[in-house]
Each structure stands twice: as structure tokens, then as C-alpha cells.
Amino acid sequence: MSNVWWLRAAVGDGEVLLIMVRTHIVKRYEVLAPTYVPAKLPHREDMIAEITQLLGRATFGATPPDLVITGRPGSGKTATIKRVTADLNKRAKHVHIAYTIATGGAYRTLQQLAAECGIDIEKRGISFEEGWEKFSRWLKDSPRIFILDEVDQMLRKEGELLLYYLSRRPNTCIVGISNRINVLRLIKDERVRSSFTPRTKYFPPYDAKQLADILRDRVRIAKAKIELAAVNLCAALAVGGERKRGDARYALDLLNFSIDVAERARASRVREEHVRIAENEVETEQVRRALMGMEPPEMRLLLLSIGPDPISISEAYRITNERARNSG
């Protein structure tokens, strides 16, 4: 009975006995999370070297050039910059690095960066300029690297104002990350275009072989019992279709869902049939995440896409994306 957990859960006025079976398929689940950053990133060694060369100037007291990293979702952009900056932190402790996901406007992103630096800026009641003055006064002239992930989201919400101030601050390097290759076209303010002239790095999507290498490396570190055929199938499925072409995050999601399926089946290891079942589950979960992140105009477009005839929510989401792209 060492492989069985007995749990009691209260439901209303009653109590339900839950039985959880420990299958020992995975020893280190955290390694298989998309957010986990391993010591080595297969097939991104060249990008790591190039970005390290640029940001590494901070170790000699110089200000690194601004940088914009683009590429499709799941192409290793965020993992690479986190790997580089983690190593940089060890070698240049005088350089302060702040990372945030910049999905809000200028003021919201300023708050997030301030919080990363240990500064408290009011959520409301003061102007952006007042918030910036407080932020800048606290920073003084200390060298900083500010990383703005999903920077295109910020730029769509009048975020150029923050970019304007950051790009004029001394000893400051801005690193923008975006799935949108032409993200710099979102900058309309000529003043920002003049002061923010970043180097650009494009991350190409992974192919099936590269994704298989990445998954095998994670499986090895996680000490997981997953058949090689199942790993290769996850990699192959992650390069098919327009939305998931070469997406390492999708491949890892699929691998994790496959583990869930295998555990529910009380299997001793993950096999191909578990991946086939998990494929439908992960597609549903990805659509759910996308719906939760939709803005009201996008949701209205989705409802129009569904129309009077019954179609699946996945198909409606695909139609919505196509219409959004066609409308610019």
C-alpha cells in the first residue's frame, strides 16, 4: 500500500474519500514545467553566446546596448534571457536586473518594474511623471538592465511613454521580448524612435529533432519514465499546424498532460497512446487560457465568429485569430 495515498475531502455536508495512486513515473516534476530554466539550453547555445557578449559589457562597467528579442511562442526567448541574466548576476553584482511581463500600459509596467526594484509606487492617485520621478530618484545613477517581456502588449496600450523615459536614463539597458517579429513598428513616437535604437535578435522556431532533444534532456533531469517513442511523438505534434509550429512550451505541456493521462491509467510509464489522449486535453486547455486573456473587443469578435451555427470553441478561436490578423 506504499503506492497509495488516502485523502478525505469535505463536499457540502458530506465527506468523500479520495484515492490517489502514486505511480513513480516522475521524480522531479518541476523540471518538466515550461517555466523551469535548465543549466543548458539545447540548440540555443549560439543565441546565449551572442546575448552574453552584449549584456556582458556590464561586467566591465559599460552600459550594454538595448536589445529586442523576437520569435514565435515557445522558441526559447525568455528561457535564454533568464539563463544569461542569471549568469550575469553572478559575475556583475553591481548591475541590477529587473524582469517583468509588460502586458499593461506605461504606468502599470512602471509599477511592476518598481516592485522588482523594491520600490512602492501608488496604484492610483498620481500621474505617470510623478511615479517616474519617484522611481528615478530611488534608482539614482546605478546601472540597470530592464527586461520587458511581451513588450508588444505594453506598446499597444500607450506604453511608449515608459520606453521614452527609460531610453533616456543613464546607465540603462532595455531588453524587449516579443512574439511579434515587427514589434518595433508599434512605436509611433518619433522621440522614442530616436532614443530607442536596439539591436535585434530573431529566434527561429525549433524543428521536431531539436524539440525531441529538449524533451529528452528534461526527461533525463526529471528522472521520468517516458518511452522514447512518446517523447518523439510530443515533439512531432508540436511542429504541426500554424499555432504550435516549433513551440517548446506546447511540447512540454503535451508531455505533462501525457503524464497525467498515464497516472490516471495507473501505468508504470508514459507511452504513445497516452500522448494521443493528452493531445485533445492540451488543446482544450490552451484555448481556455487564450479565452481568459482576451480583451473585450476580441471576445466580441469571437462571439461573432461562432454565429448561429454550432461549431467548436477551438474552431471559433481559430477563425477569430484569422480575422484579427487580416484586420491588422
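I'd like to know if the stretch 170-184 contains one or more residues that are under 21 Å from residue 115 (Cβ atoms), of a type in the set (D, E, K, R) and assigned by TED's automatic domain parsing to the domain that holds residue 78. So that I can check it myself, show each step before the final result.
Of the residues in the stretch 170-184, the ones under 21 Å from residue 115 (Cβ atoms) are 171-177.
Restricting the remaining residues to those that are of a type in the set (D, E, K, R) gives none.
No.
Restricting to the stretch 166-193, give me the number of residues that are part of a loop (DSSP other than H, G, I, E, B) and either over 24 Å from the mean Cα position of the chain (by Cα) or at positive phi (or both). Outline the logic, then answer.
Quick first cut of the stretch 166-193, residues part of a loop (DSSP other than H, G, I, E, B) only: 168-171, 179-182, 187-189.
Cutting the leftovers down to either over 24 Å from the mean Cα position of the chain (by Cα) or at positive phi (or both) gives us 168-171, 188-189.
Of the residues in that region, 6 qualify.
Any chance the stretch 2-12 includes a residue that's farther than 28 Å from residue 254 by Cβ and either of a type in the set (Lys, Arg) or at pLDDT 90 or above (or both)?
yes
The rows are residues; the columns are (1) surrounded by 18 or more Cβ atoms within 10 Å (Cβ to Cβ); (2) closer than 24 Å to residue 86 by Cβ.
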| site | (1), (2) |
| --- | --- |
| 115 | no, yes |
| 123 | no, no |
| 133 | no, no |
| 142 | no, yes |
| 145 | yes, yes |
| 152 | yes, no |
| 157 | no, no |
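Quick check on this structure: which one of 72, 83, 44, 91 is in contact with a Leu (Cβ under 9 Å, 6 or more places away or on another chain) and of a type in the set (Lys, Arg)?
83
Search the stretch 207-219 for residues that are in a helix (DSSP H, G or I) and pair each with any residue that is buried (at least 16 other Cβ atoms within 10 Å of the Cβ) and basic (Lys, Arg) when their beta-carbon atoms are under 9 Å apart and the residues are at least 6 apart or on different chains.
Cβ pairs passing all conditions: 219/225.
Residues of the stretch 183-204 being of a type in the set (Phe, Trp, Tyr) and either in contact with an Asp or Glu (Cβ under 8 Å, 6 or more places away or on another chain) or loosely packed, with under 13 Cβ neighbours inside 10 Å (or both), which ones? Steps first, answer last, please.
Step one: filter the stretch 183-204 for residues of a type in the set (Phe, Trp, Tyr), giving 196, 202-203.
Within the stretch 183-204, just 196 meets the criteria.
For (1) in contact with a helix residue (DSSP H, G or I) (Cβ under 7 Å, 6 or more places away or on another chain); (2) not polar (S, T, N, Q); (3) not in a helix (DSSP H, G or I), each residue gets a yes or a no:
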{"position": "80", "(1), (2), (3)": "yes, no, no"}
{"position": "100", "(1), (2), (3)": "yes, no, yes"}
{"position": "109", "(1), (2), (3)": "yes, no, no"}
{"position": "135", "(1), (2), (3)": "yes, yes, no"}
{"position": "148", "(1), (2), (3)": "yes, yes, yes"}
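Residue-by-condition table, conditions (1) of a type in the set (Lys, Arg); (2) closer than 30 Å to residue 238 by Cβ:
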| residue | (1), (2) |
| --- | --- |
| 157 | yes, no |
| 163 | no, no |
| 168 | yes, no |
| 171 | no, no |
| 180 | yes, yes |
| 187 | no, no |
| 190 | no, no |
| 212 | no, yes |
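Can you name every residue in the stretch 60-81 that is surrounded by 15 or more Cβ atoms within 10 Å (Cβ to Cβ) and farther than 22 Å from residue 205 by Cβ? Give the steps one after another, and end with the answer.
Filtering the stretch 60-81 down to residues surrounded by 15 or more Cβ atoms within 10 Å (Cβ to Cβ) leaves 63-64, 66-81.
63, 64, 66 - these are the residues of the stretch 60-81 that are surrounded by 15 or more Cβ atoms within 10 Å (Cβ to Cβ) and farther than 22 Å from residue 205 by Cβ.
Please pick out the residue among 39, 49 that is at pLDDT 95 or above, exposed (fewer than 13 other Cβ atoms within 10 Å of the Cβ) and closer than 30 Å to residue 212 by Cβ.
Details: 39 fails: at pLDDT 95 or above.
Criteria check complete, one pass: 49.
If residue 224 meets every condition in (1) at pLDDT below 95; (2) in a loop (DSSP other than H, G, I, E, B); (3) surrounded by fewer than 23 Cβ atoms within 10 Å (Cβ to Cβ) apart from one, which number is that one?
Unmet condition: (1).
The values are calculated or read from the model by the stated rules, or taken from the named source; none is laboratory data. This one's a predicted model, so the numbers in the text were calculated from it and none came from an experiment. Note that we place each Cβ from the backbone using ideal geometry, even for glycine, and neighbour counts take in every protein chain shown.
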